[in-house]
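Here is the structure we will look at.
The values are calculated or read from the model by the stated rules, or taken from the named source; none is laboratory data. Computed from a predicted structure; not experimentally measured. Because the Cβ atoms are built from the backbone with ideal geometry, glycine has one as well, and the counts that use them run over all protein chains shown.
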Amino acid sequence: MNNSLIIGQYVPGNSLVHRLDPRTKITIIFFFVFIVFFANNIASYSLLTVFALTCMFTSKVPIRFIIKGLTPVWFLIIFTFILHLFVTREGTVILEFWIFEFYSGGLIQGIAIALRFFLLILVTSLLTLTTTPIEITDAIEDMLHPLKRFKFPVHELALMMSISLRFIPTLMQETDKISRAQASRGVDFKTGPIKERIKAVVPLLVPLFVSAFKRAEELAMAMEARGYQGGEGRSKLRELKIEKRDIFIFILFAIVVAALLLIRSYS
Amino acid sequence: MSKKLVEFRNVSFRYDEDGPWVLKNCSFEIYENEWVAIIGHNGSGKSTIAKLLNGLLFPQEGEIVIGGQQVNEESIWSIRKEVGMVFQNPDNQFVGATVQDDVAFGMENRGVQRDEMQKRITETLSAVRMQDYRLTEPHRLSGGQKQRVAIASVLAISPKVLILDEATAMLDPSGRKEIMDTVGEIQESSGLSLITITHDLQEVVQADRVIVMNNGNKWREASPREIFLEKDALRTIGLDVPFVAILAEELKHAGVSLKSTPLNQEELLEDLWILHSRT
Ligand SMILES: Nc1ncnc2c1ncn2[C@@H]1O[C@H](COP(=O)(O)OP(=O)(O)OP(=O)(O)O)[C@@H](O)[C@H]1O
Ligand SMILES: [Mg+2]
C-alpha cells in the first residue's frame, strides 16, 4: 500500500527533465499555461504540441504513468469537444444526422479546445511526475521569498507544506489501522445506504483527529526541543542551483515563445 | 569525581496555579560522562524532569543549572544546544522528509553551514548504524530505525547531555537492546552524560546510578545494585525488580549461599560456578 501513498506521482529518474531546477520547471510551466491561450492556428498548435511532446519523451517517464495522470480529465476533454461540436454554428455543415447539424467550425473549435486542455494537463503532470514534492516545496519557498518583505509567512508556509507531506503517509497508515479496528468491531463502511455509510465514517474520523492533534502537540514539542525558533538565522541543507542546463532550457523556451508569437501574427 | 554538569536545586513544579505539585523539592546532580537512570511509577514526574532540563518547562521554585548556566527564558537556546532529548513516540518527532533532512533539522535551526551539516550527518548516521538510509522517507523505516535517526539528530548538535524519555518503550526487546547498546557505546566514546527515563529493568542495570521517583519526590538515589537490594520497598511504590535479582533472593531463601547480589545472568552464573567449585 505504501507505493500508492506517495503524494503526486513522482517517478524517479535521471533524465534532463528530472535534473532541471524545480524553479525552472515551475516558471516554464507557468508561462506555458499562458501561451497555450495564444495559439490560434495549426502551425502554432503544432509548435506547442511538439514542445510538450519533446518534454515528455525527454523525461523518459513511461507513457502509462502519463495516461494514468490524464485519466481524471479525459472526460472533461471529450466533453468539451462534444459540446463544441454540437453548439458551435460556424463554417459549413459537414454532417447532418437526425435533428443535428455538425459544422466544420465546431469540429475545429472542439479539437482546438481539447488539445489545449490536453497540453495543459500533460505539461503540469510532467512537473509532478519528474519533481519530488519536497523539491516543489523548496522551489515555492524560494520563489515566494520576495513576499517576505510584505510580512507574508513564506518560511512557515513551506514548513507547513513539508510537514504535511511528511505526515500524509503516516496518517494514511493510521486511517487504515483504525478502519480495520472499527471494522473488527462491526462498523460497516462498504455496504448499506449512503446515509448509514456516512454515519459509519464518524467512528473513523474521531480517533483520527484525536491522534492527529496529539501528534501535532508532540511534534511541536520535539521541534522546540531541537532548537526550532522560526525562520530567522536558519540555514538549509538542500540547496537549489541554476545550472547550465536550466539556462539552456530557458533560452529554448524563449525561442518557442517568440516563434509562437510570430506564427500567430502572420495568420 | 568528574565535573558537575546538571544540578537540580530544591526544584518544585506544578502545571497549574492551583493544581497539585508534580515535583516537590527535588534535588540531584549529574556528572560528566555519567549514565543516570530515572525510574518511578506512571505519573511520578519523570517526563516533567526531562522537560525542565530542556527548558520546555520552568520550575516555580528552586533552580536548575546546566553546565554552569541557569535554565531560564534567556538561556533556553544555548541550553537546548547542550541538552538533547529523544521522546517516546518515534513518529511524532520525525520532522524531515527524509532521514538526512531530519538529522539536519537541529543544525539548520542553529544556522550550521552546509558542508559541516553534510559531515555531521555522515558521522552521526554511522554512529547509530543508519548510514545506508540517508535518503529514506520515515514511513519506510521501522520504529527502531526511526528512534536511531532521532538519536542521530540529537547527536548532530553535539550536546553534553542526552536524555532518552522512554525512547525504547515502543520497541521490541531486541530493538531495545540494540539501541541501548549503541547509546552506551556513544556515551563511552564521546564523554556524553546520559539520562535514561525508563520502565525497562535492563536499562536500569546498565546505568551508573539510579534515581527513583515516587509521587514527585526523589525516593532514592544509589547504584543499581543497592537499589535492587530493596526489593520489597520497591514493590510497595509500584516498581519491579529484575528477574535475576528475584531468583537470587529465592536461591538464598532456599539455602544456596550466593556471596554477591547478581544483577544479570552472567553474574548469577559466575556466582553459581564459584559456589559449585567450592563445594
Ligand atoms: N501537560 C500537563 N498538564 C497538566 N498536568 C500534567 C501535564 N503533563 C503531566 N501532567 C501531570 O503531571 C504528573 C507527572 O507527569 P509525568 O509525565 O512527569 O509522569 P511520568 O513519570 O513521566 O509518567 P509516565 O511513566 O507515565 O511517563 C502526572 O500526574 C500528570 O498527570
Ligand atoms: Mg513520561
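Check B:Glu32 against each of (1) more than 16 Å from the chain's Cα centre (by Cα); (2) away from ligand 2 (no atom under 16 Å from the Cβ) and name the one condition it does not meet.
(1)
For the range A:161-201, give me each residue that is of a type in the set (Gly, Ala, Ser) and part of a helix (DSSP H, G or I).
Passing the criteria: A:Ser162, A:Ser164, A:Ser179, A:Ala181, A:Ala183, A:Ser184, A:Ala200.
Per-residue answers, yes or no, for (1) out of contact with any helix residue (DSSP H, G or I) (no Cβ under 7 Å at 6 or more places or on another chain); (2) part of a helix (DSSP H, G or I):
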position: B:Glu74; (1), (2): yes, no
position: B:Ile79; (1), (2): yes, yes
position: B:Asn92; (1), (2): no, yes
position: B:Gln100; (1), (2): no, yes
position: B:Glu108; (1), (2): yes, yes
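Does B:Ile79 qualify as being away from ligand 1 (no atom under 13 Å from the Cβ) and not aromatic (Phe, Trp, Tyr)?
Criteria met by B:Ile79.
Being crowded, with 22+ Cβ neighbours inside 10 Å and modelled with pLDDT under 90 narrows it down to one residue among B:Glu188, B:Glu203, B:Glu178; which is it?
After ruling out the rest, the residue left standing is B:Glu203.
Take the range B:119-147 and flag every residue that is within 12 Å of another protein chain (Cβ to nearest Cβ), part of a helix (DSSP H, G or I) and under 10 Å from B:Val103 (Cβ atoms).
B:Arg120, B:Ile121
Filter the range B:37-57 down to residues that are small (Gly, Ala, Ser), under 16 Å from B:Ala207 (Cβ atoms) and near ligand 1 (Cβ under 6 Å from one of its atoms), then give me how many there are.
Final tally of qualifying residues: 1.
It is to be established whether one or more residues within the range B:49-61 are part of a strand (DSSP E or B), more than 16 Å from the chain's Cα centre (by Cα) and in contact (Cβ under 8 Å) with a residue 12 or more places away in the chain.
So far as the range B:49-61 goes, yes, one or more of its residues are part of a strand (DSSP E or B), more than 16 Å from the chain's Cα centre (by Cα) and in contact (Cβ under 8 Å) with a residue 12 or more places away in the chain.
Give the residue, chosen from B:Val99, B:Val71, that is crowded, with 18+ Cβ neighbours inside 10 Å, over 22 Å from the mean Cα position of the chain (by Cα) and either within 16 Å of ligand 2 (Cβ to nearest atom) or more than 10 Å from chain A (Cβ to nearest Cβ) (or both).
That would be B:Val99, the only listed residue that is crowded, with 18+ Cβ neighbours inside 10 Å, over 22 Å from the mean Cα position of the chain (by Cα) and either within 16 Å of ligand 2 (Cβ to nearest atom) or more than 10 Å from chain A (Cβ to nearest Cβ) (or both).
Go through the residues of the range A:105-115 one by one and say whether even a single one is closer than 30 Å to A:Ala258 by Cβ and in contact (Cβ under 8 Å) with a residue 60 or more places away in the chain.
yes
Regarding B:Lys51, is this residue within 16 Å of ligand 2 (Cβ to nearest atom), charged (D, E, K, R) and either touching a strand residue (DSSP E or B) at 6+ places or on another chain (Cβ under 9 Å) or away from chain A (no Cβ under 14 Å) (or both)?
Taking the combined requirement at face value, the residue satisfies it.
Restricting to the range A:208-247, name every residue that is more than 10 Å from every other protein chain (Cβ to nearest Cβ) and loosely packed, with under 13 Cβ neighbours inside 10 Å.
Result: A:Phe209, A:Val210, A:Phe213, A:Lys241, A:Ile242, A:Glu243, A:Lys244, A:Ile247.
Determine which single condition A:Ile194 fails, assuming it passes every other condition in (1) under 30 Å from A:Ile26 (Cβ atoms); (2) more than 14 Å from chain B (Cβ to nearest Cβ).
Against the list (1) under 30 Å from A:Ile26 (Cβ atoms); (2) more than 14 Å from chain B (Cβ to nearest Cβ), A:Ile194 comes up short only on (1).
Please tell me if B:Thr196 is within 16 Å of ligand 2 (Cβ to nearest atom) and more than 14 Å from chain A (Cβ to nearest Cβ).
Here the answer is yes, as B:Thr196 does meet what is asked.
Just one of the numbered conditions (1) surrounded by 16 or more Cβ atoms within 10 Å (Cβ to Cβ); (2) within 14 Å of chain B (Cβ to nearest Cβ) is not true of A:Ile263; which one?
A:Ile263 satisfies every listed condition except (2).
Can you tell me how many residues within the range B:164-188 are in a loop (DSSP other than H, G, I, E, B), of a type outside the set (A, V, I, L, M) and within 16 Å of ligand 1 (Cβ to nearest atom)?
Number of matching residues: 2.
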